[in-house]
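Working notes, beginning with the structure itself.
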Amino acid sequence: MSDSERSFLFLVGSSRADGNTETLARRAAEQLPPTTDRRWLRLGDLARPLFEDRRHEGEGPRPATSSGLAERLLEATLAATDIVVVSPLDWYSVSTATKLYLDLWSGWMRVPGLDFLERMRGKTLWSVTVHGGQDPATAAPLVGTLRHTADYAGMRWGGALLGYGSGPGDVLRDTAALGRAKAFFS
Ligand SMILES: Cc1cc2nc3c(=O)[nH]c(=O)nc-3n(C[C@H](O)[C@H](O)[C@H](O)COP(=O)(O)O)c2cc1C
């Protein structure tokens, strides 16, 4: 498949905006050929509770409306040739929002006529992660989760890019990870 036929979907599962993991993923994405299509979606809304007690915050309760995010995610997932899970290491695994995205697959697999798994076959799954601890080996459960998911869906495994950083922007000091980002998609 030529570069211009590939379409990368970056799914950002951080619990904060402009997090380390997104920063690292954007460094990797900068190296994609200019003709390669790319799209970024945030998974954060998936982890938002249906009900938040905001009675005493001035704005009052917010009605539980569907943002349509799940529908957008389905369309974007099926349209992509390459899916990049951009999740921080949270409790040794993917973030809650990322896990909820994967849980959506279980529903999509069972939608009559959608042929979700058949359409996932042959796509490539990638992982970009930043961890705040000292030992990168503790990211093994996250990488295992995604590798097994790729196997299960008949997808290719692109690989895992791992960086280190705790506070906002810290990953920019992980020069080794920034170097690996440059070659990650090549
Ligand atoms: C809920 C939560 C759980 C975390 N669990 C881990 C962990 O298990 N191992 C680790 O190394 N860092 C852990 N961290 C630290 C984050 O991985 C680190 O701060 C990372 O930079 C966050 O990425 P982000 O800026 O993209 O959100 C955790 C942070 C949070 C908020």
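The values are calculated or read from the model by the stated rules, or taken from the named source; none is laboratory data. Keep in mind it's a predicted model, so treat the numbers as computed, not measured. So basically every Cβ, Gly included, is an ideal-geometry build from the backbone, and we count neighbours across all protein chains shown. Accessible surface areas use protein heavy atoms only, side chains included; no ligands, DNA or RNA. Shrake-Rupley method; radii C 1.70, N 1.55, O 1.52, S 1.80 Å.
Observations on the model:
- For LEU114: the one exception among (1) within 11 Å of the ligand (Cβ to nearest atom); (2) on the phi < 0 side of the Ramachandran plot: (1)
- For region 167-186, a residue qualifies if it is more than 12 Å from the ligand (Cβ to nearest atom), open to solvent by less than 30 Å² (accessible area, probe 1.4 Å) and over 24 Å from ASP3 (Cα atoms), but none of them does.
- The criterion of being within 18 Å of LEU11 (Cα to Cα), at pLDDT 95 or above and of a type in the set (Ser, Thr, Tyr) does not hold for THR96.
- If the condition is being closer than 20 Å to LEU73 by Cβ and either more than 16 Å from the ligand (Cβ to nearest atom) or without any contact (Cβ under 8 Å) to a residue 24 or more places away in the chain (or both), then region 2-16 contributes ARG6, SER7, PHE8, LEU9.
- Exclusive hit being in a loop (DSSP other than H, G, I, E, B) and either at positive phi or at pLDDT 85 or above (or both), set ARG16, ARG26, ARG38, ARG62: ARG16
- Residue match in region 36-53 (condition: among the β-branched types (Val, Ile, Thr) and farther than 26 Å from TRP91 by Cα): yes
- Scanning region 108-141 for residues being part of a strand (DSSP E or B) and farther than 20 Å from VAL12 by Cα gives a total of 0.
- Pairs linking a residue in region 37-59 that is more than 30 Å from MET1 (Cα to Cα) and open to solvent by less than 80 Å² (accessible area, probe 1.4 Å) to a residue that is of a type in the set (Val, Ile, Thr) and modelled with pLDDT of 80 or more, with Cβ atoms under 8 Å and 6 or more positions apart or on different chains, are GLY44/VAL12; ALA47/THR96.
- Leading residue by the ranking (farthest from the ligand (Cβ to nearest atom)) among those in region 82-98 that are open to solvent by 30 Å² or more (accessible area, probe 1.4 Å) and touching a residue at least 60 places away in the same chain (Cβ under 8 Å): THR96
- Look at (1) assigned to a loop (DSSP other than H, G, I, E, B); (2) modelled with pLDDT of 95 or more; (3) β-branched (Val, Ile, Thr) and you find that ILE83 fails only one, number (1).
- Each residue in region 41-59 was checked for being within 16 Å of the ligand (Cβ to nearest atom) and modelled with pLDDT under 90, and 6 of them qualify.
- Boolean, GLY144 is out of contact with any His (no Cβ under 9 Å at 6 or more places or on another chain), assigned to a helix (DSSP H, G or I), within 16 Å of the ligand (Cβ to nearest atom) and of a type in the set (Gly, Ala, Ser): yes
- Selection status of THR129, in contact (Cβ under 8 Å) with a residue 60 or more places away in the chain, of a type in the set (S, T, N, Q), in contact with a Gly (Cβ under 6 Å, 6 or more places away or on another chain) and within 26 Å of ALA17 (Cβ to Cβ): no
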